[in-house]
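Only one structure is covered here, and it is reproduced in the block below.
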Amino acid sequence: MNDIFTFLTDLFSFDQSHPLLFTQFNFWAFFLLVFIPFCVIVNKYQGRQTVRNAYLFLVSLFFYYKTSGLFVLLLILSTLIGYVTGIRMDSLADKGARNGRRKAWMLGAVMINLAVLFYFKYAYFFTDIYNTIFNTDYVVINHLGRFANHFTATARFNAETILLPVGISFFTFQNISYIVDVYKQKIRHAGNILDFGFYTTFFPQLVAGPIIRADQFIPQLYKPYFLGRRQFGIAMFWILNGLMKKIILSDYLAVSFVDRVFDNPTLYTPFENLSALLVYSLQVYADFSGYTDIAIGVAMLMGFYLPKNFNSPYKSTNPAGFWKRWHMSLSNWLKDYLYIPLGGNRNGSLGSYLILGGALVAVALMAKTTWVSLVVSSVIAILMAIYIFFPGHRKTFATNINNFDTMLVGGLWHGASFNFITWGALNGAGIFVYKYWKKWGNTIRYIVLSSIFVLLFLARMIWPSPAMNLFFYWGAIFAIGTIVVMLICKLNIIRNDRKSDTGQGNPLKMVWNIAMTFLFISFTRLFFRSGSNLNPAEANEVAWRTAREMVNMIGSPWKFEHIPAILDNYANVFILFVVGMIIHWLPEHFKRRYRLWFATMPLWLMTLATVAAVFIIYQFITADLQPFIYFQF
């Protein structure tokens, strides 16, 4: 009896060191225990979807409790706010009340959700900014922890540190989308709290996405359960595909190579530093898309369909295209609930300039150095000059500002520190430049590229340093290579009228643009990967130090005779990287074909294939399982 009691205690208690991760046996035991009663319920209560939804709502709350402990109360509070607000807005609409009252409810609920998010995720960040600007020494205190200790007359809660609830960014944005969609009358409010609670807490995607939109998912709550033979096969494919991405690619690349280099860049050669940067791009993709694949497969087994979150992003030929393929649920959310309200591609708004101006001023004040202030002042002056003296370009200018602001906020969503904002700003700058680049004729492009080459050459002569070496060689390769590709395309030396997955007909141009986009995206991830500690001051320090060290190492003199030995030492890593990228670049129609082949194979053969896949995956499991990267967001 004692063993049984101990087992049940462990089963129903929160253990921070053993959360329910898709890559652990505990999760699949949990899912099996959930799925068996689920099948009984959907068969016994056919036509009564609320019973099924209520069961999954309770299961999802338990799942979140096992992942985040008493933060489940925060999830319940967010759910109640969204549910009550939806009912109230629809009630006012049915009574013909003025839209202002409905808008007040919508804004109030959105602000409460954002206030909770800001308290838990950004308290340290904004306090650090305030202290730096005004030379104060305010300390963040966990007032909720103090209140809980006082209320329970215990010291159970940590009142000195604000801990970040797992997945708070995801379920907050999801709740906001529901509130705004009900306000815009795209959907009616959910029928009851059990149905709505299930929507906000559905456990496969709760802690790391994808962000499911109310107008896409809530209609599924009222459909009867159906799992056909093909759907079952597709679901199993996604689960196995996600596990392979996460464990074989992401975890192995991280433990065997990437983490080592990022932790101590100066101990490794320039080639190893550059390789780690490129390999990390595959690692983070395999990690996040692997989680999404598993979530999609698990949800499909229960009759629900989650949105596609990735579409081979490294096939992108420009930065703007990349963000239409990467974390698509977040990109679409930001487009609909931030970019368009700011003015979208129509015009700018006060919010557009407040976000950009606030970010520039904050950077200048935080830096407290003359050259940064001069750069920021110059940027502001240039932007004002463009707006004042080129009225015909104001619409395009405003659109690009809105794009840039969206990327800034997207960076801040990922993490409460300036390294994430820097990462977002670099991506925003890449999109900004691309938007103008695609409108220029070849003559202007030749002039710009030649000017870049000359300026970088002069800068390298005036300020010789490893970093300037890197920028010069990268700029030279980009400028000269792009000019050569443009000339080849213009002279029709290589022609191919067949459209590719990227929408470009010339294969040389397509390959070159994909390579340059991949290099640019990988470089911006210096700031994404480095210093992702939740303490903003430490995160900024670690991120900039790591970025500076890696840039200096890559820009240092290369000893090419060492490269063969490095390739030999890390042969498995480089082979895995090449294989992973080849699979990623396979045509979409080919991938769709082998998914369907797996889904329609006989059950006995599918079982053998599944066992073989699990056996292979098991061989790559490391002693210390790596958490999903996006859990911290």
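Using a 1.4 angstrom probe on the protein heavy atoms only, could you order Glu541, Glu549 from most to least accessible area?
Numbers: Glu541 120, Glu549 55 Å².
Ranked from most to least accessible, the order is Glu541, Glu549.
In whole Hz, with x marking every Gly and Pro, tabulate ³J(HN,Hα) for the range 605-610 from phi via Karplus 6.51 cos²θ - 1.76 cosθ + 1.60, θ = phi - 60°.
Values, residue by residue: 6, 5, 5, 4, 5, 5 Hz.
Please list Phe38, Phe560 from largest to smallest accessible area, probe radius 1.4 Å, with all protein chains kept in place.
Of Phe38, Phe560, the descending order of accessible area is Phe560, Phe38.
Sorted by accessible area (1.4 Å probe), largest first, how do Ile133, Ile382 line up? Can you show the working numbers first?
Numbers: Ile133 50, Ile382 100 Å².
So, going from the largest accessible area down, we get Ile382, Ile133.
Output wanted: per-residue J couplings in Hz (rounded whole) for the range 248-254, from phi through Karplus 6.51 cos²θ - 1.76 cosθ + 1.60, θ = phi - 60°, x for Gly and Pro.
Here the 3J(HN,Hα) series is 6, 8, 4, 5, 5, 5, 5 Hz.
Rounded to the nearest 0.05, what FRET efficiency do Trp440 and Lys308 give with R0 = 35 Å and r taken as the Cβ-Cβ distance? Could you check?
In this case the efficiency is close to 0.60.
If ligands, DNA and RNA are left out, what is the accessible area of Ser78 with a 1.4 Å probe, given in Å² to the nearest 10?
10 Å²
Full-extension gain between Asp137 and Tyr473, please, as 0.36 nm times their residue separation minus the C-alpha to C-alpha distance.
116.6 nm
Taking a ≥ b ≥ c as the square roots of the eigenvalues of the Cα gyration tensor of the range 155-273, is the shape rounded (a/c under 1.5), prolate (a/b larger than b/c) or oblate?
Oblate, since a/c reaches 1.5 and b/c is not below a/b.
Which residues in the range 400-428 have a backbone N closer than 16 Å to a point placed 7 Å from the Cα of Ile452 along the Cα-to-Cβ line?
In the range 400-428, the label zone of Ile452 (backbone N under 16 Å from the point 7 Å along Cα→Cβ) covers 426-428.
Rolling a 1.4 angstrom probe over the protein chains, ignoring ligands and nucleic acids, what is the accessible area of Ile583 in square angstrom, nearest 10?
80 Å²
Give the lysines whose C-alpha is closer than 22 Å to that of Lys95, dropping any in the same chain fewer than 8 places away, or say none.
Leaving aside lysines fewer than 8 places away in the same chain, those within reach of Lys95 are Lys103, Lys184, Lys186.
Pop a pseudo-label 7 angstrom from the Cα along the beta-carbon direction at both Ser256 and Val484 and give the gap in nm to one decimal.
3.2 nm
Sorted from largest down, give the three principal axis spans of the alpha carbons of the range 431-490, whole angstrom values.
Between the extreme Cα coordinates on each principal axis of the range 431-490 lie 35, 25, 16 Å.
With a cut-off of 8 Å between alpha carbons and a minimum separation of six or more residues, what is the relative contact order of the range 202-342 in percent?
On the way: 145 pairs, mean separation 45.7, N = 141.
Reported relative contact order: 32 percent.
Can you give me the distance in nm between label points at Lys324 and Ile76, each placed 7 Å from the Cα along the Cα-to-Cβ direction?
Spacing of the two 7 Å Cα→Cβ label points: 4.5 nm.
What nm distance separates the two modelled labels at Lys186 and Leu596, each placed 7 Å from Cα along Cα→Cβ?
Calculated label separation equals 3.1 nm.
The values are calculated or read from the model by the stated rules, or taken from the named source; none is laboratory data. If you're wondering where the values come from, they're calculated on a predicted model, not measured in any experiment. Cβ coordinates were reconstructed from backbone atoms using ideal geometry, including for glycine residues, and neighbour counts include every protein chain displayed. When the accessible area is computed, the model is the full protein with side chains, heavy atoms only, and any ligands, DNA or RNA have been set aside. Shrake-Rupley method; radii C 1.70, N 1.55, O 1.52, S 1.80 Å.
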